[in-house]
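Worksheet: one structure, shown below.
Coordinate-derived values only; no laboratory data. Computed from a predicted model, the values in this text were never measured in an experiment. Don't worry about glycine lacking a Cβ; one is built from the backbone with ideal geometry, like all the others, and counts go over all protein chains shown.
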Amino acid sequence: METVKEDIYIKLDNHVRIEKNDVSLGDMASVCCNDEVLRQQAEGTIIFSFEKEKKEVVSILYIYERLYQELGEKLRFYSIGETDCVVDLTEAKGQSEIWGKVQVVFVSLITFFGAAFSIMTYNEDAGVADVFKKLYQLFLEEGAGNGVLEGAYSIGIAMGVILFFNHFENKKRRDPTAMEIQMNKYEKDVVEASVKASDRRGKSLDSEG
C-alpha cells in the first residue's frame, strides 16, 4: 500500500533580514499546508544558526533536507518562490520618539533646502557656480567666497549616493516610489551577486546529495 504524503508549499523569499542567531523556515518563507499542526512545525524548524558570518545564502534543497530530518520523510514539497535566499543578521535597535521627530525635522530641512537649491540652479540654467556666487554676495562681503558651499555641495552629493544605495528603508505604501523601484533593482542585483559569489567560494548552505 502506497504511503500518503502530506503536501507542503513553500514560498521562499530572496532576501531577509533578521535579528536572531537561530533562523527558522518561517523567517525566510511562507508555508502552506492542509495540516495546521504540520505547517506550524515546518515554520518553526530551525534551518541554520549564524556563527562567524553575518550573511548566509540558503538553498531550497538544503531547506528540504532540514525538513526531512526534523519532520520525517512522509512529506512532499512544492517550491513556488525563490531557489536561494540571502539571510542577513542585523542588530536590534530601539528608537525613541524624540529621535524619530529629530529625524523628521532633519529630512524636512534637507528636502526644503534641496528643493530651493534646485529651483535656483534651474533659473540660472543649471549654473551651480553662479548660484554659489550670488549666495556669497547675499550673505558675505562683495567678492568673498571661501569654498564652504562648494565643499558642502560635494560632500552632500557623496553622502546622498551612499544613503540612497545602502540605508534607504522601504515604506509600506500603496504604490512604490521611483526611489523604491531603483532600490528594488539594486537589491536584486546584490542578492544575485551574493548568491553567485557564495557558490564560487563553496559557502552556500546547499544539498550535498
*Among 49, 24, which comes first, then next, by fewest other beta-carbon atoms within 10 Å?*
49, 24
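Cut-off is 10 Å between beta-carbons; in what order do 86, 104, 31 appear when sorted fewest neighbours first?
Lowest count first: 104, 31, 86.
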*Taking a 29 Å limit on the Cα-Cα distance, which of the listed pairs 11/196; 20/185; 11/185; 101/134 fall beyond it?*
101/134
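Among 60, 10, 157, what is the fewest-to-most ranking by other Cβ atoms within 10 Å? Don't skip to the answer; put the middle values down first.
Values: 60 20, 10 23, 157 10.
Starting with the residue having the fewest Cβ neighbours, the order is 157, 60, 10.
Report the chymotrypsin sites (Phe, Trp or Tyr not before Pro) located in the range 45-118 that are in a DSSP loop and have at most 13 other Cβ atoms inside 10 Å of their Cβ, or state none. Mind dumping the intermediate values first?
Values: sites: 48, 50, 62, 64, 68, 77, 78, 99, 106, 112, 113, 117; in loops: 50.
Answer by residue number: there is no such site.
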_Cβ-based net charge around residue 9, under 15 Å, with every Lys or Arg adding one and every Asp or Glu removing one_ = -3
*In whole Hz, with x marking every Gly and Pro, tabulate ³J(HN,Hα) for the range 43-48 from phi via Karplus 6.51 cos²θ - 1.76 cosθ + 1.60, θ = phi - 60°.*
5, x, 5, 6, 7, 7
_Neighbour net charge for residue 38 - beta-carbon separation under 14 angstrom, K R +1, D E -1_ = -3
